[in-house]
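Peer 1: Here it is, the structure, as structure tokens.
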Amino acid sequence: MQAEKKQIKTVQGVVVSRSGDKSIRIVIDYRIKHPVYGKFMNRRTKFGVHDEQNVAQVGDVVEVAQCRPMSKTKSWRLLNVVQKAVEKE
């Protein structure tokens, strides 16, 4: 019997806040079709993410992976910053 490696779930989202030390909040926007009326609706999900190095800033697009619960609301960890936020002058 061969042991199969478990697939880690990863998603991309936008950082909306830096709540504290080593913590960020990301949001994932998606569209679903209403089951009765057929209209497409915008939905969003917020995740608490563990940022060990404090590298992510508000507005960055980041990739996160699911992990063991770090706290009551954090069950995701930061993998990498995909795109840095554009700084306004």
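The values are calculated or read from the model by the stated rules, or taken from the named source; none is laboratory data. Because the structure is predicted, anything quoted here is derived from the model rather than measured. Every residue, glycine among them, receives a Cβ derived from its backbone with ideal geometry; neighbour counts consider all protein chains shown.
Peer 1: Give just the number: which of (1) among the hydrophobic types (A, V, I, L, M, F, W, C); (2) part of a strand (DSSP E or B); (3) closer than 17 Å to Val11 by Cβ does Ala56 not satisfy?
Peer 2: Tallying (1) among the hydrophobic types (A, V, I, L, M, F, W, C); (2) part of a strand (DSSP E or B); (3) closer than 17 Å to Val11 by Cβ, Ala56 fails exactly one: (2).
Peer 1: For segment 1-52: of the residues being among the polar types (S, T, N, Q) and over 11 Å from Arg77 (Cα atoms), which is modelled with the lowest pLDDT?
Peer 2: Gln2
Peer 1: Residue by residue through segment 44-89, note down the ones that are basic (Lys, Arg), in contact with a Ser or Thr (Cβ under 9 Å, 6 or more places away or on another chain) and surrounded by 14 or more Cβ atoms within 10 Å (Cβ to Cβ).
Peer 2: Once the filter is applied, which keeps residues that are basic (Lys, Arg), in contact with a Ser or Thr (Cβ under 9 Å, 6 or more places away or on another chain) and surrounded by 14 or more Cβ atoms within 10 Å (Cβ to Cβ), segment 44-89 yields only Lys74.
Peer 1: Could you look through segment 1-32, keep only residues that are free of Cβ contacts under 8 Å to residues at least 12 places away in the same chain and of a type in the set (D, E, K, R), and pick out the one that is nearest to Cys67 (Cα to Cα)?
Peer 2: Residue satisfying both the conditions and the ranking: Lys6.
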